[in-house]
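The values are calculated or read from the model by the stated rules, or taken from the named source; none is laboratory data. Please read these numbers as outputs of a predicted model, since none were measured by experiment. Note that we place each Cβ from the backbone using ideal geometry, even for glycine, and neighbour counts take in every protein chain shown. These accessible areas exclude ligands, DNA and RNA; they are computed on the full protein's heavy atoms, side chains included. Shrake-Rupley method; radii C 1.70, N 1.55, O 1.52, S 1.80 Å.
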Amino acid sequence: MNWLDRLGITVPIIQAPMAGVSTPALSAAVSNAGALGSIGVGAVDATGAHRMIVELQARTERAFNVNLFVHATPKSDPVREAVWLEWMAPFFAEFGATPPRTLRSIYKSFHDDPEMLAMLLEVKPPVISFHFGLPSAEIIAALKNTGALLLGTVTNFDEARAAQAVECQ
């Protein structure tokens with residue numbers, strides 16, 4: 001059985017799981033229309049993601065996707081960041097904006113979010129997808145054990161091989 005049949009998808013479309021834009025209402029409407037609705041939870045914490053999933057579950061009985069950012073954790077480089085901020089200062093000034101004093105990561109990677117993992121293991125969404133990388137083999141195995149279908153976004157051959165190695169669709 002292919003994954004479309006497994007999920008009961010009759011319209012072979014996956015709605016883009018854009019963090020901050022793909023709402024539970026939109027995702028449910030897509031799933032209810034026969035495609036795969038998706039929510040992006042990369043911009044929220046585990047509590048926010050849980051609320052989104054519960055709302056989505058209330059709006060559809062069909063399969064849906066929860067997408068995670070799995071990027072490498074940024075490492076601070078104050079010298080490089082100061083150069084960047086100095087270079088960008090005229091652009092901030094042009095728009096009457098005050099540049100930040102320092103840079104910080106705005107999205108927490110799934111690599112660094114045990115609360116998100118615990119919530120997903122408890123809630124067991126039908127589909128979980130990864131963007132900007134893959135979690136560890138142990139986390140992949142734990143998520144597969146929930147029965148979830150795992151999907152991965154790849155941008156080059158190395159990423160495709162890594163996804164294939166962990167049997168990520």
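One residue stands out in the range 143-157 among those that are within 21 Å of His71 (Cβ to Cβ) and open to solvent by 50 Å² or more (accessible area, probe 1.4 Å): the one that is farthest from the chain's Cα centre (by Cα), namely Phe157. Every test in (1) at pLDDT 95 or above; (2) farther than 27 Å from Leu56 by Cβ; (3) among the polar types (S, T, N, Q) is passed by Thr146 save one, and that test is (2).
Residues considered: Ile140, Ile106. Of these, the only one that is in a helix (DSSP H, G or I) and either among the hydrophobic types (A, V, I, L, M, F, W, C) or open to solvent by less than 60 Å² (accessible area, probe 1.4 Å) (or both) is Ile140.
As for the range 66-77, it holds at least one residue that is of a type outside the set (S, T, N, Q), more than 30 Å from Leu151 (Cα to Cα) and modelled with pLDDT under 95. Those helices (runs of 4 or more DSSP H) of the range 1-95 in which 2 or more residues are of a type in the set (A, V, I, L, M, F, W, C), under 24 Å from Glu122 (Cα atoms) and touching a residue at least 24 places away in the same chain (Cβ under 8 Å) occupy 3-7, 24-32, 46-59. Scanning the range 133-163 for residues that are over 19 Å from Arg6 (Cα atoms) and of a type in the set (S, T, N, Q) returns Ser136, Thr153, Thr155, Asn156. If only residues of the range 109-132 that are open to solvent by less than 50 Å² (accessible area, probe 1.4 Å) and in a helix (DSSP H, G or I) are counted, the one that is modelled with the lowest pLDDT is Phe110. Yes or no: Ala97 out of contact with any strand residue (DSSP E or B) (no Cβ under 9 Å at 6 or more places or on another chain), open to solvent by less than 40 Å² (accessible area, probe 1.4 Å), at pLDDT 95 or above and among the aliphatic types (A, V, I, L, M)? Against the criterion (out of contact with any strand residue (DSSP E or B) (no Cβ under 9 Å at 6 or more places or on another chain), open to solvent by less than 40 Å² (accessible area, probe 1.4 Å), at pLDDT 95 or above and among the aliphatic types (A, V, I, L, M)), Ala97 does not qualify. For Arg161, the criteria (1) assigned to a helix (DSSP H, G or I); (2) modelled with pLDDT under 90; (3) closer than 23 Å to Ala16 by Cβ hold in every case but one, which is (3). Filtered by the rule that a residue be farther than 20 Å from Val21 by Cβ and surrounded by 13 or more Cβ atoms within 10 Å (Cβ to Cβ), the range 64-83 gives Glu81, Ala82.
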